[in-house]
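A quick write-up on the structure given underneath.
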Amino acid sequence: MPATNNNQAVRTFQPQFRELLQAVYKKQAYFRDFFGGSIEALDGVSNNATAFSLKTSDIPMVITKGTLDSNANRAYKTDANTAFGDGTGNSTRFGPRKEIIYTDTDVPYTWDWVFHEGIDRATVNNNFENATADRLDLQAQAKIQLFDDQGGAFISSVAGTTENITEITNDSVLELFNKLAATFVNLQTIGTKKAWVNTELYNAIIDHPLTTSSKSSAANIDENNILHFKGFEIQETPDSKFQDGEIAYVAVKNIARQFTGINTARTIESEDFDGVALQGAGKAGEFILEDNKKAVVKVTLKKA
């Protein structure tokens, strides 16, 4: 019987499970664009609280602005005694120097996951290799849905701004997206803006007068889809992906990261039945830079 691992007590599947998670994430995770399009997955990680470390700096880029009406008001000083003459060796024409210092930021895991199944030779009705492959794939799909649900809760928790509407009408939808557009323009964000919207808001956008073909809209009424509205990519998202009372998340794509560390993914001979236990465990989390939270908006629907 192939691949029964009778002669090997433990067979590990960590690399395979990691690849499955990444493949499924790219296909089935609704919020994948928020987290950069893929999940950071590591196999064989040690059982500790820190996922990874990164270099950050809270010092903003500062450009000194001057006027050219006189040397005293210039940002770049050109008088004879600055850096030259009497100022040689003890002055600079560039003005004060700001030191740039990066700090180490440890990114922690914030939640964990596990699975524990059994494959009995007497009842599986398949060979172990096929059964294990099928179950790992199904477990990867289930875990990605878990990650996606966690991702929605994370987006809601880090949103720097909340916009509320009291009803979904043509006027309220237009007013909402005009306000959202102004918010991102004034933040001077760089990147593609995207709105994840629930089914009711999505249909209101599809049916909006601005999405008619005569206005060269990106909407396709026959297919009931729309690519862009008021400068935002639009993605219809299941209602269950939003927190209570929330109907949309709006952000710049690739603004955060989602990650998981796989402690184990294995089959092990069972003492309780004639077969193997299929086991997996890991930790996971999400991370966003503090400054990037300003470019995350959640929309609530609270009726007056």
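The values are calculated or read from the model by the stated rules, or taken from the named source; none is laboratory data. Since this is a predicted model, take the numbers as computed values, not measurements. We place every Cβ from the backbone using ideal geometry, glycine too, and count neighbours over all the protein chains shown. Quick note on the areas: whole protein, heavy atoms, side chains included, nothing else; ligands and nucleic acids left out. Shrake-Rupley method; radii C 1.70, N 1.55, O 1.52, S 1.80 Å.
What do you reckon, is residue 230 more than 24 Å from residue 150 (Cα to Cα) and open to solvent by 50 Å² or more (accessible area, probe 1.4 Å)?
Working: more than 24 Å from residue 150 (Cα to Cα): yes; open to solvent by 50 Å² or more (accessible area, probe 1.4 Å): yes.
So residue 230 fits the description; yes.
If you check residue 174 against the conditions, is it at pLDDT below 95 and either touching a Lys or Arg at 6+ places or on another chain (Cβ under 9 Å) or hydrophobic (A, V, I, L, M, F, W, C) (or both)?
no
When you look at residue 173, is it surrounded by 15 or more Cβ atoms within 10 Å (Cβ to Cβ) and assigned to a helix (DSSP H, G or I), yes or no?
Answer is yes for this residue.
So if I check each of 130, 126, which one is out of contact with any helix residue (DSSP H, G or I) (no Cβ under 7 Å at 6 or more places or on another chain), assigned to a helix (DSSP H, G or I), within 22 Å of residue 265 (Cα to Cα) and open to solvent by 40 Å² or more (accessible area, probe 1.4 Å)?
That would be 130, the only listed residue that is out of contact with any helix residue (DSSP H, G or I) (no Cβ under 7 Å at 6 or more places or on another chain), assigned to a helix (DSSP H, G or I), within 22 Å of residue 265 (Cα to Cα) and open to solvent by 40 Å² or more (accessible area, probe 1.4 Å).
Sort out which residues of the stretch 133-170 are part of a strand (DSSP E or B) and open to solvent by 50 Å² or more (accessible area, probe 1.4 Å), and write them in order of number.
162, 164 - these are the residues of the stretch 133-170 that are part of a strand (DSSP E or B) and open to solvent by 50 Å² or more (accessible area, probe 1.4 Å).
What about residue 265, is it surrounded by fewer than 17 Cβ atoms within 10 Å (Cβ to Cβ), in contact (Cβ under 8 Å) with a residue 40 or more places away in the chain, in a strand (DSSP E or B) and over 19 Å from the mean Cα position of the chain (by Cα)?
No, not satisfied.
Under 6 Å between Cβ atoms, at least 6 apart or on separate chains: pull out the pairs that start in the stretch 99-124 with a residue that is over 27 Å from residue 278 (Cα atoms) and end on any residue that is among the small types (Gly, Ala, Ser) and in a strand (DSSP E or B).
Listed pairs, sorted by first residue: 104/53; 106/53; 107/51.
So, in the stretch 224-262, exactly how many residues are in a strand (DSSP E or B) and farther than 30 Å from residue 139 by Cβ?
Looking only at that region, the number is 11.
Pull out all pairs, ordered by first then second residue, where Cβ-Cβ is under 7 Å, the residues are six or more apart or on different chains, the first lies in the stretch 26-41 and is open to solvent by 70 Å² or more (accessible area, probe 1.4 Å), and the second is assigned to a loop (DSSP other than H, G, I, E, B).
26/32; 26/37; 26/38; 30/237
Exactly one of (1) more than 19 Å from residue 237 (Cα to Cα); (2) in contact (Cβ under 8 Å) with a residue 12 or more places away in the chain is unmet by residue 143. Its number?
(1)
I'd like the full set of residues that are surrounded by 13 or more Cβ atoms within 10 Å (Cβ to Cβ) and either in a loop (DSSP other than H, G, I, E, B) or among the aliphatic types (A, V, I, L, M) (or both), limited to the stretch 176-191.
Correct list: 176, 180, 181, 187, 189.
Restricted to the stretch 193-223, and to residues that are modelled with pLDDT of 80 or more and in a strand (DSSP E or B), which residue is farthest from the chain's Cα centre (by Cα)?
197
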